[in-house]
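Values quoted throughout were computed directly from the atomic coordinates according to the rules given, and no laboratory measurement underlies them. Predicted model, so just to flag it, every value in this text is computed and none were measured. Note that each Cβ is placed from the backbone with ideal geometry, even for glycine, and that neighbours are counted across all protein chains shown.
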Amino acid sequence: MSAAMDRALMALSLDEDEVPFKMPDLPGISSAEENALSLMGRTLNPELQKMPGLIRTMPRKWGKEGKVRGRALSQERFQFIFTNEHDLLDVLEKGVQTYMDWTIVLERWVENPPEDYLQYIPLWVRISKIPENYYTTLALTALGDIIGRVKVVAFDPSQPVTQNYIRVQVLFNVAHPLRMAKVIDMGGGKSHTIHFDYEQVQKRCFTCRRLNHEQKLCPLEVRKRQEEAQIRRARVMAEKIRTEPVLTQDDPLKGVLEESQVGVNPLTGRPKIAKLVLEEMRKYLISDSGEDIALKIDKIRKSVREAEADPVTQRTVLGLEPMPIFTKDLNKGKGLAY
């Protein structure tokens with residue numbers, strides 16, 4: 001086949017309308033019946049929770065070897081198919097599951113999963129430092145709802161409470177941070193801070209309290225390091241500018257102007273006197289104009305002092321910066337503020 005014909009066929013294939021492939025509706029082509037006895041799941045930290053290890057490890061961790069088999073569906077999603085209902089429910093009842101000490105999300109398979117599928121975990125929370133007036137089922141439910149939708153409150157108002165906390169089980173959205181404390185308004189100008197601890201949650205980011213990355217990879221920590229590096233670079237550059245004099249020993253302006261007059265303005269980061277202005281001063285000093293050198297030096301010093309005394313002159317004459325434009329249109333270029 002000629003190269004021209006090959007290119008023509010390739011162009012045709014690229015221009016074809018993409019028609020979805022329709023799966024045949026035949027007996028045995030769908031595994032929905034088998035999937036009914038399965039759990040779907042996803043890892044929250046796939047960088048550390050590698051799928052081959054998870055598929056091999058979890059059956060052994062559950063004590064279900066030979067009774068369940070896993071499938072890696074992607075780098076983050078997986079499926080475990082059980083041989084009986086009892087083992088499947090037993091795993092679900094274990095609560096929060098982890099692999100490599102990081103949380104994984106598990107839910108029973110459904111043929112048409114909702115939008116928030118694999119977004120929640122059943123999490124037991126210990127609420128402590130509860131004010132004595134709030135040891136009621138309604139109050140404890142309200143406090144648990146701060147973390148997630150409460151499913152179970154482990155509290156019997158007719159029995160002694162021997163622990164310094166109350167346990168509630170909530171459906172926790174894994175996209176949210178694990179709140180460690182919350183200030184509650186008790187009315188009458190009074191407030192109180194309650195504390196939360198979480199059962200079976202091992203690793204998390206201790207900066208943003210989320211479950212999907214280590215602290216060193218936290219976006220807040222990364223941004224903090226970037227800002228600190230930027231500050232260090234600016235400090236190094238400023239130090240370099242301060243240590244490298246503008247007026248060298250062989251500069252005609254050496255002794256005429258002070259280094260403090262020609263350096264960088266620490267507030268703006270811009271030179272106090274533009275390079276072009278300094279160059280013109282040097283040309284004036286070394287030019288053969290017939291003027292006495294002492295008179296030239298006096299003129300330069302006087303001109304610079306007068307310009308330094310007037311911010312506008314210093315900006316426009318010494319710095320060669322244009323003056324800002326003033327407008328009476330108070331909404332000129334106005335946009336949204338974030």
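Cross-link pairs exceeding 22 Å in C-alpha to C-alpha distance, out of Lys224/Lys272; Lys50/Lys151; Lys272/Lys328; Lys254/Lys299; Lys94/Lys182, comprise Lys224/Lys272; Lys50/Lys151; Lys272/Lys328; Lys94/Lys182. Phi angles of the range 58-69 translate, via the Karplus equation with coefficients 6.51, -1.76, 1.60 and θ = phi - 60°, into HN-Hα couplings of 4, x, 5, 5, 7, x, 10, 4, x, 10, 8, 10 Hz per residue; Gly and Pro are given as x. Between the listed residues Pro322, Leu278, Ser289, the Cα displaced farthest toward the positive end of the dipole of the range 246-327, a dipole computed from Cβ unit charges relative to the Cα centre, is found at Pro322.
Sorted by average packing, counted as other Cβ atoms within 10 angstrom per residue and highest first, what order do 159-168, 118-127, 270-279 take?
On the way: 159-168: 12.6, 118-127: 19.6, 270-279: 15.6.
Descending packing order for the listed peptides: 118-127, 270-279, 159-168.
In the chain, the calculated helix contribution to ellipticity at 222 nm averages -9000 deg cm²/dmol per residue, counting -39,500 (n - 2.57) for every DSSP H run with n ≥ 4. Convex hull of alpha carbon positions in the range 86-125: directionally averaged projected area 3.7 nm². Per the Cα gyration tensor, the chain maps to an equivalent ellipsoid with semi-axes of 69, 37, 20 Å, ordered largest to smallest. Using the Karplus relation 6.51 cos²θ - 1.76 cosθ + 1.60 with θ = phi - 60°, the per-residue 3J(HN,Hα) values for the range 129-144 come to 6, 7, x, 4, 6, 10, 8, 10, 4, 5, 5, 5, 5, 4, 5, x Hz, with x marking Gly and Pro.
Computed 3J(HN,Hα) for the range 91-100, one whole-Hz value per residue from the Karplus formula 6.51 cos²θ - 1.76 cosθ + 1.60 where θ = phi - 60°, is 5, 4, 6, 6, x, 5, 10, 9, 9, 6, glycine and proline marked x.
What net charge is computed for the residues neighbouring Leu295, neighbours being all others with C-beta under 15 Å from the C-beta of Leu295, Lys and Arg scored +1, Asp and Glu -1? Walk me through the numbers on the way to the answer.
On the way: positive: Lys296, Lys299, Arg301, Lys302; negative: Asp288, Glu291, Asp292, Asp298.
After counting each charged neighbour, the total is 0.
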